[in-house]
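The values are calculated or read from the model by the stated rules, or taken from the named source; none is laboratory data. If you're wondering where the values come from, they're calculated on a predicted model, not measured in any experiment. Note that we place each Cβ from the backbone using ideal geometry, even for glycine, and neighbour counts take in every protein chain shown.
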Amino acid sequence: MEFKLFNTLTRKEEVIHAMDGEKFRFYCCGPTVYGPAHIGNFRTFVVQDCFRRVVEAIGIATRHVRNITDVDDKTIRDSQQAGQSLAEFTRHWREQFESDCEALNLLLPHVVPSAVEHIPEQIALIEVLLQKGLAYQGDDGSVYFRIRAFAGYGKLSGLKMEANRSNADQRLNAADEYDKENVSDFALWKAWRAEDGENRWESPWGLGRPGWHIECSAMSMRYLGQSFDLHSGGIDLIFPHHENEIAQSEGATGEPFSRHWFHVAHLRVEDRKMSKSLGNLHTLESIIDWGYQAMDLRYVLLSGHYRQPLNFKRHSLDGARTALQRFKRLAGALPTVSNAPVNQRQWGPFQAVIEALCDDLNTARALGELHTAAGQLEKALKGAGLSPESAQAAADGLANAMIAFGFDFERVSIDGEATKAVEIPAAILTLVKEREAARNARDWFRADSLRDALHAEGWTVEDTPTGPQPKRQ
Ligand SMILES: [Zn+2]
């Protein structure tokens, strides 16, 4: 089976294959770890995960790299505000991100490099760019990329440097306030400034820290080679981040950098743009607090085609839950899945699902096909039944489809009540029980102090006719 995917660089759909004939090597720009990732960030990560699952489902092995940005303006600023070291601060948010990814059933990338752990690689790359005349050191000690010296600049974003000069200058300039030859030039190495505090590293150009763009060039080439199969990120990264990555990498090696570029469109929330000021930067925690499961969110994030903006609506989580419960019930009515590896199992009545996924990762159409096939099977099961062969093909096909979408039935609860109980941590339940015991013993002082302890953990208790109900504050 062939998997066709739109390539931002060539502006057409192209068949996915491993350049080296062995592994499909791809890089995804990872999170900046200075706060919880929001559901818009997770749309990109979930789509990338589904992409990898489909590549693997059609029998192509992968090598997947996703970085962690743990040094930049935001991580430095916010760690200082939190009164923590950069390492301590970013470790916390990195762990939060990893736990969210686990809950959303994202496959672990094969390599998860962090920017701070790859400073020497970034310095080495900058040295090559300086030797080739593609970079220069400004009066402030920072090192800049000389955009005019790289002929291919603008080929990914379609930016005409002359025509869009002022627009490009503005956007590039917004991020950097250092001394440059040309306002469009971007920083490869930022000289240390007082506000950076202790966050500084030795380099041939003095103390400082890498610019943001250089880390992805250095780490992708370190783990995937100078030329690799695909590079991915949210659509907002096309310019300037990915354009700059191409300039740095191809400028240094003279080789094509990534062959294929795969970008995921924005998520909107209830018809509005996501923004801090609108207070709609929902996180996985928000979704759980509303009483849903991570799988419900995963379903919603895959319900639209990745090249179209997706409008997230809270009530769509209800539809997602119902759909997942439907598939789980159907699987329960079918035989045990055969032991063959996923890419050797038959798709049976779910053939149209993998065909839609292989057609520019059309998850929206694939979900439609999934429901159509499920409906026909439910009807057959209620009526004349299925032959043993058809039942086995249906069981295997459904299991394949669930793996390709990354829906894990173990995380889908048919009984909504039971789910809620699971999401209350054991330590909280213990406090609630102790408080109840204290109340029954009329030890009001102890009951109050236990309530305060719950508050400190971010929980309240409502005393209802059926007993105390812990709730998140
Ligand atoms: Zn990146």
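So the values come out like this:
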| quantity | calculated |
| --- | --- |
| Scan of region 239-277 for residues that are under 21 Å from ASN311 (Cβ atoms) and among the aliphatic types (A, V, I, L, M), ordered by number | VAL264, ALA265, LEU267, VAL269, MET274 |
| Output for region 176-203, where each listed residue is hydrophobic (A, V, I, L, M, F, W, C), assigned to a loop (DSSP other than H, G, I, E, B) and within 25 Å of CYS28 (Cβ to Cβ) | PHE186 |
| Verdict on LYS23 being within 16 Å of the ligand (Cβ to nearest atom) and either charged (D, E, K, R) or over 28 Å from ALA103 (Cβ atoms) (or both) | no |
| Residues located in region 215-248, provided they are crowded, with 20+ Cβ neighbours inside 10 Å, hydrophobic (A, V, I, L, M, F, W, C) and away from the ligand (no atom under 11 Å from the Cβ) | MET221, LEU224, PHE228, LEU230, ILE246, ALA247 |
| Search result, residues across region 204-214 that are outside any strand (DSSP E or B) and either more than 12 Å from the ligand (Cβ to nearest atom) or more than 19 Å from the chain's Cα centre (by Cα) (or both) | PRO204, TRP205, GLY206, LEU207, GLY211, ILE214 |
| Verdict on ASP296 being of a type outside the set (Ser, Thr, Tyr), crowded, with 21+ Cβ neighbours inside 10 Å and over 27 Å from ALA61 (Cα atoms) | yes |
| Residue within region 234-256 that is assigned by TED's automatic domain parsing to the domain that holds VAL65 and in a strand (DSSP E or B) present | yes |
| Per-region count, region 332-372, residues at positive phi and not small (Gly, Ala, Ser) | 2 |
| Selected residue (only one of ALA168, ALA175, ALA187 is within 16 Å of the ligand (Cβ to nearest atom) and at pLDDT below 95) | ALA175 |
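Per-residue answers, yes or no, for (1) out of contact with any Ser or Thr (no Cβ under 9 Å at 6 or more places or on another chain); (2) outside any strand (DSSP E or B); (3) within 30 Å of HIS263 (Cβ to Cβ):
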position	(1), (2), (3)
GLN351	yes, yes, yes
GLU355	yes, yes, yes
LEU386	yes, yes, no
GLN392	no, yes, no
PHE407	yes, yes, yes
ILE428	yes, yes, no
LYS433	yes, yes, no
PHE445	yes, yes, no
